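A.B. asks: This is the structure I have questions about; it appears just below.
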Amino acid sequence: MADRHPGSATQNHRPQSRPNNPTAGSTLLRKLHEHAPNSTQLFGIMTFIVSGSILLLLTGITVTAIVLGLIFFAPLILISSPIWVPICTFLFIVTAGFLTMCGFGVAVVAGLSWTYRYFRGLNPPGSGRFDYARSRIYDTASHVKDYAREYGGYLQGRAKDAAPGA
């Protein structure tokens, strides 16, 4: 902010930065000192750097060990693959079947639980929509029935005209 001098209330005087101006360097140092981290922040930064370096080193060691293990065990994997492929396929089919059976079992138990709560009058989630759909189906069926009673003779008479022996 510009400094105001008591003699000139309407004018703002800014000191011009010159390379030899001693206040420009001290202002920069003051701003740097205001933004310098305190000891807690410095400890946090150092912890972050050390733990990040350790994790990066462990990641590199792990990737190197995996690549060397694949290179070393590749002949063994290729030789024994006729044994491993059927076993893995069998294990996959058994696991998929078991998980599918468990999923269907959970779905059946959830459906039976919802139906039990619905017929007990406990209003499970979605029962309002179910009641609305049931009433719409009932109303539609009754309208079709009334329509068939009212115009049934007309339709039967037309059918006899189309097929005289019927």
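Yes or no, residue by residue, for (1) at pLDDT 95 or above; (2) under 31 Å from the mean Cα position of the chain (by Cα):
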{"position": "F48", "(1), (2)": "no, yes"}
{"position": "S51", "(1), (2)": "no, yes"}
{"position": "S81", "(1), (2)": "no, no"}
{"position": "P86", "(1), (2)": "no, no"}
{"position": "F90", "(1), (2)": "no, no"}
{"position": "F104", "(1), (2)": "yes, yes"}
{"position": "G111", "(1), (2)": "no, yes"}
{"position": "Y151", "(1), (2)": "no, no"}
{"position": "K160", "(1), (2)": "no, no"}
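A.B. asks: Quickly run through region 92-122 and pick out the residues that are more than 27 Å from R134 (Cβ to Cβ) and of a type outside the set (A, V, I, L, M, F, W, C).
C.D. replies: Taking region 92-122 as the starting set, the residues that turn out to be more than 27 Å from R134 (Cβ to Cβ) are 92-103, 105.
Within region 92-122, T95, G97, T100, G103, G105 meet the criteria.
A.B. asks: Among what's in region 84-140 and is surrounded by 10 or more Cβ atoms within 10 Å (Cβ to Cβ) and among the basic types (K, R), pick the residue that is farthest from A74 (Cα to Cα).
C.D. replies: R136
The values are calculated or read from the model by the stated rules, or taken from the named source; none is laboratory data. Here the structure is a predicted model, which means the values were calculated and not measured. Backbone-built Cβ (ideal geometry, glycine too); neighbour counts: all protein chains shown.
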